[in-house]
Amino acid sequence: MDDAIDFTRLERSGPPGDLWPAIAGELDRRRRHRLVRRVSALAAMVTVVVLASVFVQMPAPTPAPGEASSSPEPWTLAELRAASSRLESRLADHRQRPVGGLELESLLWLEAELAWLDEQLADSPADRDLWRQRVELLAELNRRYADGDWRREMLLASV
């Protein structure tokens, strides 16, 4: 039991021959991955700056009926219906896109108000005031959908 262990007779061992190349390969892979993340973040920042500069340089929207305008004449019923039609087709495009949760509740309220207004118009289709309200409501809905879409695009660009 008091036998001493002779360490000189033990076989010398070390790491496997492919260990250091495997470590070097993993470090290279991580370095490339880090580079891809940095380039992606840089591309996202450039996208944000470009989009922000585009939005800053956009011309002011033309006023909808009911808003302050340079013409002293009120809008005719035909002009109101045409404006409503244009805004409705633009809104149809916005409705095809996903909506963020923050805007959803206000959009649902405005959509419900639009449905109520359409019921009123079904009863009195020649009421210019109802058509003016519809055009203003459609313009607001388009604005809200566009604002929500812009925020979502910015969020996606920043990821």
Pairs please, first residue from segment 103-114 and more than 11 Å from L141 (Cβ to Cβ) and free of Cβ contacts under 8 Å to residues at least 12 places away in the same chain, second anywhere and in a helix (DSSP H, G or I) and of a type outside the set (S, T, Y), Cβ atoms under 9 Å, 6+ apart in sequence or on different chains. L104/G148
Out of (1) surrounded by 10 or more Cβ atoms within 10 Å (Cβ to Cβ); (2) not in a helix (DSSP H, G or I), the odd one out for W20 is which? (2)
Hey, E88 hits all of (1) modelled with pLDDT of 90 or more; (2) more than 15 Å from R143 (Cα to Cα) but one; which does it fall short on? (2)
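Every residue, every condition in (1) surrounded by 10 or more Cβ atoms within 10 Å (Cβ to Cβ); (2) in the same structural domain as R132 (by TED's automatic domain parsing); (3) part of a helix (DSSP H, G or I); (4) at pLDDT below 80, yes or no:
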site	(1), (2), (3), (4)
T8	no, no, yes, yes
E11	no, no, no, yes
A24	yes, no, yes, no
R34	yes, no, yes, no
M58	no, no, no, yes
G66	yes, no, no, yes
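The values are calculated or read from the model by the stated rules, or taken from the named source; none is laboratory data. None of these values were measured; they are calculated from a predicted model. Positions of Cβ are backbone-derived with ideal geometry, glycine not excepted, and every protein chain shown enters the neighbour counts.
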